[in-house]
Structures are given as structure tokens and as C-alpha cells.
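> Mind having a look at this structure? Questions to follow.
The values are calculated or read from the model by the stated rules, or taken from the named source; none is laboratory data. Predicted model, so just to flag it, every value in this text is computed and none were measured. We place every Cβ from the backbone using ideal geometry, glycine too, and count neighbours over all the protein chains shown. For accessibility, only protein heavy atoms count, side chains too; no ligands or nucleic acids. Shrake-Rupley method; radii C 1.70, N 1.55, O 1.52, S 1.80 Å.
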Amino acid sequence: AIVGTVSGTSISFGSAVVFESAATQDSSTTFDSTNGKVVIAYRDHGNSGYGTAIVGTVSGTSISFGTPVQFNSSNTEQVDASYDSINKKVVLVYKDDGNSGYGTLIVGTVNGTSISFGSEVVFESGGGINYTRNEFDSTNGRVVIAYRDPNSQGKAIVFKNASTDLTTENFIGFSDAAYSDGDTANIQ
């Protein structure tokens, strides 16, 4: 990885840094704007082609990395990453060759210089998908996943992360009756 600095219409680079000392393939990068971290997801040929992600920290013109984290323990292809800025989650989509080539996604949470993952979710069980891509739609708070299905048809699916915004600090109580938007409610 290397950090570039744009000035006008030109770009200059710092020094290249190795984030994986084995061959990699199908790498994809996203930026966690909440934590100010770069997340690189890739197929790690040094570990049987398993799906792996690593968190990078940019400082000036240099980048440093935490420890790689495996997110799929089988041959993983067509990895693509995006960042859900509403739910503060990294979303990875990929072809899981250990599960009949199914289209799969997994959600990650950055913590310091590491990332942890939830459970895998299959979004296409036909097997043999290709060209997976995903982007976060900040207007609607959804991730749009595009891919080629096993019948060579272009498809798209919409994914919504579960919200975890409710905390004891922002829970204000229950209403005493059913109310419509704009009505004044009594909170108990």
C-alpha cells in the first residue's frame, strides 16, 4: 500500500508498505470515516486463499497496519468492500468457494487497529456468481450489491445493516398511546 497526496492536478507518493507478505488477489479497499481507518480485504494466497482483512492507519504520507484478520476460512474470490457510515460498519461481499460459490456478505466493525466480523449471510445461493461489487447508498442507508448470477444475468440486491443506535443514554421511554408522525405524545 502507498499513500498519495493530491496537489492541484498532480499527485506525490510516500513509501510503499507491505501489508501481506504472501501473494494476494481480489483486494478491495474502503475508508472507515468514523474511525479514520483504511480497511483492505483480500484473498490471501499464503493462507489457502482465505478471505482476510487488515486495518491501516494513515499518518502524513505513511501508512501502518494492524494484524490481519480472517473473515472466511475457505477459498474466497471477488472480494469487494464498502463502508456503511450510518451504522459505522464495513460490508464485505464475496464469492465463497467453500460454500458452492455462493454470494456471501459479512459485516465488520473496526476497533483501533483491528476488525471483528459477525456471521456470514448468503445473498445468492445459486452458486458460481461473479463480478461482485457493493456500494453504500447514504441517502437511503442501504448497501447495494451488484453481481453476475450463475445464469450470467446481471442482478442487484439491497442490504440494510441492523441498527444498534439504541442505548440507555438515548432511550427516553414509551408513549402512553399510539400516535402518528407530528402528533404530540406523552412519554412515560
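> Evaluate region 3-20: report whether one residue or more is open to solvent by less than 30 Å² (accessible area, probe 1.4 Å) and over 13 Å from the mean Cα position of the chain (by Cα). Even if it seems obvious, please write down each step before you answer.
Step one: list which residues in region 3-20 are open to solvent by less than 30 Å² (accessible area, probe 1.4 Å), which gives 3, 14.
So of that shortlist, the ones also over 13 Å from the mean Cα position of the chain (by Cα) come out as 3, 14.
Yes: one or more hits.
> So, one more: With respect to the numbered conditions (1) touching a Ser or Thr at 6+ places or on another chain (Cβ under 7 Å); (2) over 20 Å from Asn47 (Cα atoms); (3) open to solvent by less than 20 Å² (accessible area, probe 1.4 Å); (4) hydrophobic (A, V, I, L, M, F, W, C), which one is the sole condition not fulfilled by Val93?
It fails just one condition, (2).
> Mind checking which residues of region 70-98 are under 11 Å from the mean Cα position of the chain (by Cα), of a type in the set (S, T, N, Q) and either closer than 9 Å to Ser28 by Cβ or in a strand (DSSP E or B) (or both)?
Scanning region 70-98 gives a single hit, Ser82.
> In this structure, does Gln78 turn out to be open to solvent by 70 Å² or more (accessible area, probe 1.4 Å) and closer than 19 Å to Thr104 by Cα?
Here the answer is no, as Gln78 does not meet what is asked.
> Another question about this same structure. Hey, among the residues in region 126-185 that are modelled with pLDDT under 65 and under 28 Å from Thr29 (Cβ atoms), which one's least open to solvent (accessible area, probe 1.4 Å)?
Ser163
> Which residue is nearest to Val91 (Cα to Cα), if the candidates are limited to region 31-46 and must be open to solvent by 20 Å² or more (accessible area, probe 1.4 Å) and part of a strand (DSSP E or B)?
Of everything passing the filter in region 31-46, Phe31 is nearest to Val91 (Cα to Cα).
> When only residues in region 47-61 that are of a type in the set (S, T, N, Q) and open to solvent by less than 60 Å² (accessible area, probe 1.4 Å) count, which is farthest from the chain's Cα centre (by Cα)?
Only one residue tops the list, namely Asn47.
> Of Glu120, Glu135, which residue is over 15 Å from Tyr83 (Cβ atoms) and of a type in the set (D, E, K, R)?
Glu120
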